[in-house]
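Notes follow once the structure below has been shown.
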Amino acid sequence: MTILPVSFYDSKPYDRQAFEEASVGLALDWRFHEFRLGEETAGSAKGAAAVCVFVNDRVDAPCLKMLAGLGVRLVALRCAGFNNVDLRAAAAEGIAVVRVPAYSPYAVAEHTLALLLTLNRRIHRAYNRVRDLNFSLGGLVGFDLRGKTVGLVGTGRIGRVTAELFRGFGVRLLGHDPHPEVSWAADIGLEYLDLEGLLERSDIVSLHLPLTPETRYLVNARSLERMKPGAYLLNTSRGKLIETKALIAALKAGRLGGVALDVYEEEEGIFFEDHSGQPLQDDELSRLLTFPNVLITAHQAFLTREALSQIAGTTVRNLLRLRDGGPWVEGTSL
Ligand code: NAI
C-alpha cells in the first residue's frame, strides 16, 4: 500500500488523537506541526503530498505557490469554512482543496445556546462568586427566553439545528437566508424576513452564515443601529462577520443587552494558544473583555467528541481519495 505523507498544521493533542484513531492501518503518514501554515512556514511541507489545515492557517496565493513548488497536491481543510484558502490561486497552481462540509451541527448549535444561557443567567459570574463564598444575587438578573423573538441569520445546517433547540424554549423564530428552507420553516413556525426586518424585531440575533466578501462586516454600525435596544448578539460563525470597532461603540453606548462570541475578527495568532503569561497585544479584544455583558470563548463550538471524530473520518476519506486517484467523497471538492 502506498504511504501518503500529510503535513498537519496547528495541531493540538485532541486533533492528534482523533486523526490517529480514524486512520489506524490506513497508511497515512501524519507529520504533526503545532505551528500554523502560512507563506513563512510552507517549507515544512517538503516531502508531503497533502497538507491538513484548520481555520486560522493562512493558505493564500504565496503559500500555495510554495506548496505547489514542493509537490503538494491537496489542501485538506479539517473544518467547514474555507475563507482562509485562496481557491482561485489553488486552482491556478493545480492544487485541489477539500473540506468537511458537514459534521455535527449539534456541536455548534448547542454551544450557541450554552453561550446565551450562560450570559443571560450570568452563570459565569455566579460560578466565580459562589467559589468565593459570595452568595449574593445582585447583578445576576436575567430574562425568560419564553416569548422572546430570536432571529437566525443563516438557516443552513447549524442555523436549522439552532432554531430547533430554541423552539424548545417557546421563542418566536425569525430567519434570514438568501436560500430559504421554506417547508422546514413552515413546519417549525419560522418566519423569513429581510435582514433589516429581522434585526429590528429580534431580541436575540444569532449568526450562522459563512464568511465571504459579501458577508464581511454584515454586522456594522448601521446594522447595530437597527437592532432593538437591549438585544443580544451571538456569533459562533466567523469573527469578520462583525466589525469589532462598531460593536465596541454600541457596547459603550449601552445599546446592546449582551454579546456572546465564539469567534473574533482578529483571532488568528491569539485563539488556540495560552497567552496567559504575556500582555495581550490586541487592544480591541482587550476592550471587549472589559464589558460585563460580553462573553467570549476561543473558537471551541466545534469541540465535541462526536464532531472531532466526524471531522477526522471525512478528512481521512478525502486523503485516501487523493492517494487512490479520486473521485472526491460526498462532493467535498471545492
Ligand atoms: P451551511 O452552508 O449549511 O449554511 C450556511 C447558510 O448561510 C446557508 O443556508 C446560506 O444560504 C446562508 N447564507 C449565505 N449568505 C448569507 C447571507 N448573506 N445572509 C444570510 N444567510 C446567508 O453552513 P453551516 O454548516 O450551517 O455553518 C455555518 C457557519 O458556521 C460556517 O460557514 C462556519 O463559518 C461556521 N462554523 C463555526 C464553527 C465553530 O467552531 N465556531 C464550526 C463550524 C462552522
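The values are calculated or read from the model by the stated rules, or taken from the named source; none is laboratory data. Fair warning: this is a prediction, and the values are worked out from it, not measured in the lab. Every residue, glycine as well, gets a Cβ built from its backbone with ideal geometry; the counts of neighbours run over all protein chains shown. Accessible surface areas use protein heavy atoms only, side chains included; no ligands, DNA or RNA. Shrake-Rupley method; radii C 1.70, N 1.55, O 1.52, S 1.80 Å.
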Relative contact order (percent, whole number), the range 1-152, Cα cutoff 8 Å, 6+ residue spacing
17 percent
Figure the gain on full extension for Ser44 and Ala102 (residue separation times 0.36 nm, minus the Cα-Cα span) and round it to one decimal in nm.
18.0 nm
Under 30 Å Cα-Cα from Lys148, which lysines qualify once same-chain neighbours fewer than 8 residues away are excluded?
Lys228, Lys240, Lys245, Lys252
For the chain, return all DSSP H helices satisfying: extent of Cα atoms along own axis at least 20 Å; mean Kyte-Doolittle hydropathy at least 0.0.
105-120
Taking 0.36 nm per intervening residue step and subtracting the Cα-Cα distance, what contour gain separates Tyr14 from Thr2 on full extension?
1.7 nm
Can you tell me, using C-alpha contacts under 8 Å and at least 6 residues apart, the relative contact order of the range 105-296 as a whole percent?
18 percent
Cα centre as origin, Lys/Arg/Asp/Glu Cβ charges: the range 270-326 dipole, Debye:
420 debye
Taking 8 Å as the Cα distance limit and 6 or more residues as the minimum spacing, I'd like the relative contact order of the chain as a percentage.
16 percent
Expected 222 nm ellipticity per residue - DSSP helices of 4 or more, -39500 (n - 2.57), all of the chain, to 500
-10500 deg cm²/dmol
Would you work out what percent of the accessible area of the range 19-142, with all protein chains in place, is carbon or sulfur (probe 1.4 Å)?
54 percent
Check cross-link reach from Lys46 to the lysines: straight Cα distance under 17 Å, and skip same-chain residues fewer than eight apart.
Lys65
Through the Karplus equation 6.51 cos²θ - 1.76 cosθ + 1.60, θ set to phi - 60°, convert the phi angles of the range 183-200 into ³J(HN,Hα) values in whole Hz; use x for Gly and Pro.
6, 4, 4, 5, 4, 8, x, 9, 9, 7, 9, 6, 4, 4, x, 4, 5, 5
The range 205-274, accessible surface, carbon-and-sulfur percent (1.4 angstrom probe):
50 percent
Where the chain is the region considered: accessible area per residue in Å², 1.4 Å probe:
48 Å²
